[in-house]
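Structure first, then comments.
Derivation of every value follows stated rules applied to the coordinates shown; laboratory data play no part. Everything numeric here is computed off the predicted structure, so don't read it as measured data. Ideal geometry is used to build each Cβ from the backbone, glycine not excepted, and the neighbour counts take in all protein chains shown.
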Amino acid sequence: MCLLLAMGSYASRSVAQHAIADKQIGDLKITILSTMLISTPGGSGEWGFSALVQADGHQVLVDTGAAPDTVLKNAKALGVDLSGVRDVILTHNHDDHTSGLLTLRRELSKQNPEALSRAYVGPGIFWSRPTKSSEDNTMIAVRPAYEATGGKFIQVPGWQELFPGAWLTGPITRKYPEKNWSDLGKVMTPAGLVEDTIPEDMSLVLNTSRGLVVITGCGHAGIVNILSQTADKFGDQRVFGVVGGLHLFRQTDAQLDWTSDKMKSFGVENVLGAHCTGIEAVYHLRKRMGLSRRASLVASVGSKFTLQDGIVPGELEQ
């Protein structure tokens, strides 16, 4: 009886995975708008992250940079029009991913009242991060200010389809003990004050005609945990690309070896490491995973990732 139930559960899961896999994105371009390196004249680098995703006619902004106006300036320097982007994903609460939200919403809404009017966030993004003398979570103050502009926060407790083929992970189950966050912070959860593991951290997963593309802000949940949960959702599909911050810059060689081996086991074909991935970490992943120079690069502002060409580097990072 138990075997029959297990087989029925597996069959149901397989059917669900095939249904999800049928919704594939056929046209994709990701443009990096905030990271440390820059090869775009007139743009600015910073310790932050933001990327514009354009897929089958849909547009979504992943994170909003560290300084209030960096993404706005870099978009202008790159000739990128953000006024038609309604949806923004905030991967987690840290300032280097959220500080541009209000500026972008206020400026772009002058052209289009719907611009950046929906912000998708993970549960916990508004939880207090108290220090001895102040509140360390600026999203608590950003929330009423953003809502006053007519913007709406949408909390994502688990896997949620944003548009056909595009999925938000919601908070990631920490299956493996990847620890890529500072152990100094505390967060006030419903269960009390605990170590801040950035529990709201989430990613965007795109199911494309060439495989899965995973976009992370910092990947505080751990890129292997993210890929593992993605595999549970989509089944045995290769990962055409991982784009964004992976927070590997502080990891030891042994930890990077383990991460590389796990990523390789998921069939990761391209790595465009931005922000907190770390320059040496990107090269380590490249060598250990056996990727070509073209398939594993440090991102700069203006770097792109497409289905046709994979990583499209700027002049600096070629």
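Below is a table of values for the structure above.
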quantity: Scattering profile of region 150-248 at q = 0.21 Å⁻¹ [log10 I(q)/I(0), Debye over alpha-carbon scatterers]; calculated: -1.11
quantity: Spherically averaged projected area in nm², based on the convex hull that wraps the Cα atoms of region 53-100; calculated: 3.3 nm²
quantity: Amide H partners (placed H, <5 Å) of ILE25, local residues excluded; calculated: ASN207, THR208, SER209
quantity: Low-density loop positions, trypsin sites (Lys or Arg not before Pro), region 133-214 - DSSP coil, at most 14 other Cβ in 10 Å; calculated: LYS175
quantity: Mean Cβ count within 10 Å, highest first, over the residues of peptides 118-129, 86-97; calculated: 86-97, 118-129
quantity: Cα→Cβ-extended label distance, 7 Å offset, between ALA191 and SER83, nm; calculated: 4.8 nm
quantity: √(5λ) per eigenvalue of the Cα gyration tensor, region 170-318, largest first, Å; calculated: 25, 17, 14
quantity: DSSP bridge pairs, region 24-312: antiparallel proportion in percent, nearest 5; calculated: 55 percent
quantity: Within region 220-318, trypsin sites (Lys or Arg not before Pro) in DSSP loop having at most 14 other beta-carbon neighbours inside 10 Å; calculated: ARG238, ARG250
quantity: Bins of 5 Å, starting at 0 and running to the largest distance - Cα pair percent for region 24-312; calculated: 1, 6, 13, 18, 20, 18, 13, 7, 3, 1, 0
quantity: Eligible aspartates and glutamates near LYS186 by straight Cα distance, threshold 19 Å, same-chain separation 8 or greater; calculated: ASP95, ASP96, GLU135, ASP136, GLU178, GLU195, ASP196, GLU200, ASP201
quantity: Mean Kyte hydropathy of -0.5 or more with a Cα span along the axis of at least 20 Å, helices from DSSP in the chain; calculated: 2-21
quantity: Entries of LYS179/LYS262; LYS175/LYS264; LYS23/LYS233; LYS23/LYS76; LYS73/LYS110 with Cα pairs more than 25 Å apart; calculated: LYS23/LYS76
quantity: Point-to-point label distance, ILE154-ARG250, nm (Cα→Cβ direction, 7 Å offset); calculated: 3.4 nm
quantity: Peptide ranges 56-66, 192-202 listed from the most packed, as the mean C-beta count within 10 angstrom indicates; calculated: 56-66, 192-202
quantity: Residue-averaged 222 nm ellipticity for the chain, from DSSP H runs of 4+ at -39500 (n - 2.57), nearest 500; calculated: -8500 deg cm²/dmol
